[in-house]
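Visitor: Structure below; questions to follow.
The values are calculated or read from the model by the stated rules, or taken from the named source; none is laboratory data. Because the structure is a prediction, the values reported are computed rather than measured. For neighbour counting, all protein chains shown are included, and Cβ atoms are generated from backbone atoms with ideal geometry for every residue, glycine included.
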Amino acid sequence: MSSTAHVIIHASQFPERVRHDLLTALRTRQVNHKFHYDSVKQTNQWLALHQAHSPSRNDADCAATYDRAFARAVAPIASQAIHVLGLGCGGGQKDTRLLKLLRAAGKEISYTPCDVAVAMTLVARQTALAVVPAEKCFPLVCDLATADDWPEIFARHGPPGVARLITCFGMIPNFEPGDILPKLAALIRPEDFLLFSANLAPGRDYAAGIQTILPQYDNALTRDWLLTFLLDLGVERGDGELRFGIEETASGAGLKRVVARFHFTRARQIRVENERFTFSAGDAIQLFFSYRYTPTLVRRALANCGLSIQAEWITMSGEEGVFLVKRS
């Protein structure tokens, strides 16, 4: 095994851009999710809470649902060579299961694990190396939330002229719908497939369904993970409290989301180089949000972006859906 790994860093994660985004987060009091994956510690915290609370890790039917989706996604691919592009790859476990099926089908496979953190991208790369040769693995670190050149980015990385199977698992909820879906639509070429998942509100009552899944967020592991961002900036636990809630967005799309905000109960000043940010008692900073969809809301959002669902799979719990998509 090689003692080195070649990783491409997109400009969205260059130091000056990261500094700009950090200052913007503190000024607007809305934290870019990427700052929760910034360190090896945070990456490990996220992997631990994902293992403990994600339905894909703890619900056998959810895991089986993904496997059914993977098998169906492999079937219509006529190309001998296929490039799997993993957007928000996380630890790479789902992508690797998909890659195994493609290899078993006799495909020539290559893989780009793409995430906002170097540590996370390397974890996905290491997982995938059980299936993909190192020379066919092209790790890319990119902030997908702020990068506005997706087609150009991914055209340059990976083998040229090869059909792509793009995966986007667990990413949709942490983006504003008006930002992420048009970017995905612009990325998908006529010969490409998109396989993505959405966190769903179970049951017929949308609001009640979101309430039932709130413990997946409001728990000790998630609290520790989210608070690490503030603690690393000098905030103390006693400066306030982290509160989770459910709110409806003003976009008019009818979507609701889980939101986590830290509410200060005493004054705290944060200093970043020569800039200071003062938080008074009663102030709050948004650390996290996660949209919850229904299958109907997913279909509507995709159709509005010119994307067509080829097949879909909903878990028996109703908490997760996987969708195979092409351009309309």
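Visitor: Please go through the stretch 300-309 and pick out each residue that is closer than 11 Å to residue 194 by Cα and surrounded by 15 or more Cβ atoms within 10 Å (Cβ to Cβ). Don't jump to the end; show me each part of the working.
Guide: Applying the first criterion (closer than 11 Å to residue 194 by Cα) to the stretch 300-309 yields 307-309.
307, 309 - these are the residues of the stretch 300-309 that are closer than 11 Å to residue 194 by Cα and surrounded by 15 or more Cβ atoms within 10 Å (Cβ to Cβ).
Visitor: Are any of the residues in the stretch 72-89 among the hydroxyl-bearing types (Ser, Thr, Tyr) and surrounded by fewer than 20 Cβ atoms within 10 Å (Cβ to Cβ)?
Guide: Yes, the stretch 72-89 contains at least one residue that is among the hydroxyl-bearing types (Ser, Thr, Tyr) and surrounded by fewer than 20 Cβ atoms within 10 Å (Cβ to Cβ).
Visitor: So which of 247, 312 is more than 21 Å from residue 34 (Cα to Cα), of a type outside the set (S, T, N, Q) and modelled with pLDDT of 95 or more?
Guide: 312
Visitor: Has the stretch 184-197 got any residue that is on the phi > 0 side of the Ramachandran plot and without any contact (Cβ under 8 Å) to a residue 40 or more places away in the chain?
Guide: no
Yes/no matrix, rows are residues, columns are (1) among the charged types (D, E, K, R); (2) farther than 20 Å from residue 323 by Cα:
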site	(1), (2)
48	no, yes
51	no, yes
61	yes, no
74	no, no
84	no, no
104	no, yes
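Yes/no matrix, rows are residues, columns are (1) among the hydrophobic types (A, V, I, L, M, F, W, C); (2) out of contact with any Phe, Trp or Tyr (no Cβ under 9 Å at 6 or more places or on another chain):
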{"position": "53", "(1), (2)": "no, no"}
{"position": "58", "(1), (2)": "no, yes"}
{"position": "63", "(1), (2)": "yes, yes"}
{"position": "69", "(1), (2)": "yes, no"}
{"position": "73", "(1), (2)": "yes, no"}
{"position": "89", "(1), (2)": "yes, no"}
{"position": "95", "(1), (2)": "no, no"}
{"position": "105", "(1), (2)": "yes, yes"}
{"position": "113", "(1), (2)": "no, no"}
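Visitor: Can we say residue 5 is of a type in the set (A, V, I, L, M), at pLDDT below 95 and farther than 30 Å from residue 317 by Cβ?
Guide: yes
Visitor: Counting just the residues of the stretch 27-66 that are hydroxyl-bearing (Ser, Thr, Tyr) and at pLDDT 85 or above, which one comes out nearest to residue 100 (Cα to Cα)?
Guide: First, the residues of the stretch 27-66 that are hydroxyl-bearing (Ser, Thr, Tyr): 28, 37, 39, 43, 54, 56, 65-66.
The next check asks that each one be at pLDDT 85 or above; those that pass are 28, 37, 39, 43, 65-66.
On the way: 28: 43, 37: 27, 39: 30, 43: 25, 65: 16, 66: 13 Å.
That would be 66.
Visitor: Out of curiosity, is residue 170 at pLDDT below 90 and within 25 Å of residue 20 (Cα to Cα)?
Guide: So residue 170 fails the test.
Visitor: Going through the stretch 126-166 one residue at a time, which ones are buried (at least 21 other Cβ atoms within 10 Å of the Cβ) and small (Gly, Ala, Ser)?
Guide: 128 - this is the single residue of the stretch 126-166 that is buried (at least 21 other Cβ atoms within 10 Å of the Cβ) and small (Gly, Ala, Ser).
Visitor: Can you tell me which of (1) among the basic types (Lys, Arg); (2) in contact with a strand residue (DSSP E or B) (Cβ under 8 Å, 6 or more places away or on another chain); (3) surrounded by fewer than 21 Cβ atoms within 10 Å (Cβ to Cβ) is the one residue 41 doesn't meet?
Guide: So the condition that residue 41 fails would be (2).
Visitor: Are any residues in the stretch 248-268 in contact (Cβ under 8 Å) with a residue 60 or more places away in the chain, surrounded by 13 or more Cβ atoms within 10 Å (Cβ to Cβ) and not basic (Lys, Arg), and if so, which ones?
Guide: 253, 255
Visitor: Same structure again: When you go through 48, 25, 52, 63 one by one, which is the residue that is in contact with a Leu (Cβ under 8 Å, 6 or more places away or on another chain) and surrounded by 14 or more Cβ atoms within 10 Å (Cβ to Cβ)?
Guide: Only one candidate qualifies: 52.
Visitor: Of the conditions (1) more than 23 Å from residue 323 (Cα to Cα); (2) under 23 Å from the mean Cα position of the chain (by Cα), residue 267 fails just one. Which one is it?
Guide: Single failed check for residue 267: (2).
Visitor: So is residue 98 buried (at least 18 other Cβ atoms within 10 Å of the Cβ), closer than 20 Å to residue 5 by Cα, hydrophobic (A, V, I, L, M, F, W, C) and in the same structural domain as residue 46 (by TED's automatic domain parsing) or not?
Guide: no
Visitor: Would you be able to tell me the number of residues in the stretch 152-169 that are within 19 Å of the chain's Cα centre (by Cα) and part of a loop (DSSP other than H, G, I, E, B)?
Guide: 1
Visitor: In the stretch 221-247, which residues are at negative phi, more than 21 Å from the chain's Cα centre (by Cα) and exposed (fewer than 15 other Cβ atoms within 10 Å of the Cβ)?
Guide: 231, 232, 236, 237, 238, 241, 243
Visitor: Name the residues in the stretch 309-325 that are under 12 Å from residue 55 (Cβ atoms) and of a type in the set (Asp, Glu), would you?
Guide: Residues satisfying the conditions are 319, 320.
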